[in-house]
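Engineer: Have a look at this one.
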Amino acid sequence: QVQLAESGGGLVQAGGSLRLSCAASGRTFVPYAVGWFRQAPGKEREFVAAISWSGINIAYADSVKGRFTISRDNAKNTVYLQMNSLKPEDTAVYYCNQGENVVKLTSGRSFAWGQGTKVTVSS
């Protein structure tokens, strides 16, 4: 059983940057894909980004393309989400998850979720 722990959230002004981390313990990330979802107050959880175990296959939601970058360090069992040019609409709790592959993760099909880290972007 894998445990996922997100960190790096916080309060930032619009236009600023944050880097989120998702660390795994127990079963490792390899060879599974890892993704990020977010849930804003009063809204459903939505896909943000996902990366395959090799790092070759990557997917982003249209709303974050060009601003967010997902990466992974398998030696550290950690996946990162670099968020630049943040907007107030990026405010949400961000969750990482682990799944069989990127395609399944984009639809939320995963076998592990973290507890989330809160990101607040002020205008």
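Engineer: Pairs of alpha-carbon atoms within less than 8 angstrom and 6+ residues apart define the contacts here; what relative contact order does the chain have, in percent? Could the numbers behind the result be given before it?
Structural biologist: On the way: 322 pairs, mean separation 43.7, N = 123.
Over the chain, the number comes to 36 percent.
Engineer: Another question, if that's okay. Can you list the HN-Hα couplings for region 80-87, worked out from phi with the Karplus curve (6.51, -1.76, 1.60; θ = phi - 60°), rounded to whole Hz and with x for Gly and Pro?
Structural biologist: Once θ is set to phi - 60°, the couplings for region 80-87 become 10, 10, 7, 10, 10, 6, 5, 10 Hz.
Engineer: From the phi angles alone, apply the Karplus equation (6.51, -1.76, 1.60; θ = phi - 60°) to region 99-104 and give each ³J(HN,Hα) in whole Hz, x where the residue is Gly or Pro.
Structural biologist: Whole-Hz 3J(HN,Hα) from phi for region 99-104: x, 5, 7, 4, 4, 5.
Engineer: Could you look at the chain and say what percent of its accessible area is carbon and sulfur, using a 1.4 Å probe and all protein chains? Provide the component values of the computation, followed by the final result.
Structural biologist: On the way: 3000 of 6180 Å².
The computed percentage sits at 49.
Engineer: So, one more: What trypsin sites (Lys or Arg not before Pro) does region 82-122 have in DSSP loop regions with at most 15 other beta carbons within 10 Å? Mind showing how you got there, number by number?
Structural biologist: On the way: sites: 104, 109, 118; in loops: 109.
Here the sparse-neighbourhood loop sites are 109.
Engineer: Another question about this same structure. Taking square-rooted eigenvalues a ≥ b ≥ c of the alpha carbon gyration tensor, is the chain rounded, prolate or oblate, where a/c under 1.5 means rounded and, failing that, a/b exceeding b/c means prolate?
Structural biologist: Note, shape of the chain comes out prolate.
Engineer: Simple spin-label model, 7 Å along Cα-to-Cβ: residue 76 to residue 56 in nm?
Structural biologist: 2.4 nm
Engineer: Okay, next question. Using the Karplus equation 6.51 cos²θ - 1.76 cosθ + 1.60 (θ = phi - 60°), what ³J(HN,Hα) coupling, rounded to whole Hz, does each residue of region 53-67 give in order, writing x for Gly and Pro?
Structural biologist: Residue by residue, region 53-67 yields 5, 7, x, 7, 8, 9, 9, 10, 6, 4, 5, 10, 4, x, 10 Hz.
Engineer: Given a 1.4 Å probe, how much area per residue of the chain is accessible, in Å²?
Structural biologist: Details: 6180 Å² over 123 residues.
On a per-residue basis, 50 Å².
Engineer: Is there a quick way to get the dipole size of region 32-83? I mean about its Cα centre, with the Cβ of Lys and Arg at +1 and of Asp and Glu at -1; what is the value in debye to the nearest 20?
Structural biologist: Dipole about the Cα centre, nearest 20: 100 debye.
The values are calculated or read from the model by the stated rules, or taken from the named source; none is laboratory data. Here the structure is a predicted model, which means the values were calculated and not measured. Ideal geometry is used to build each Cβ from the backbone, glycine not excepted, and the neighbour counts take in all protein chains shown. For the accessible areas, the whole protein counts, side chains as well, though only heavy atoms, and no ligand, DNA or RNA atoms are used. Shrake-Rupley method; radii C 1.70, N 1.55, O 1.52, S 1.80 Å.
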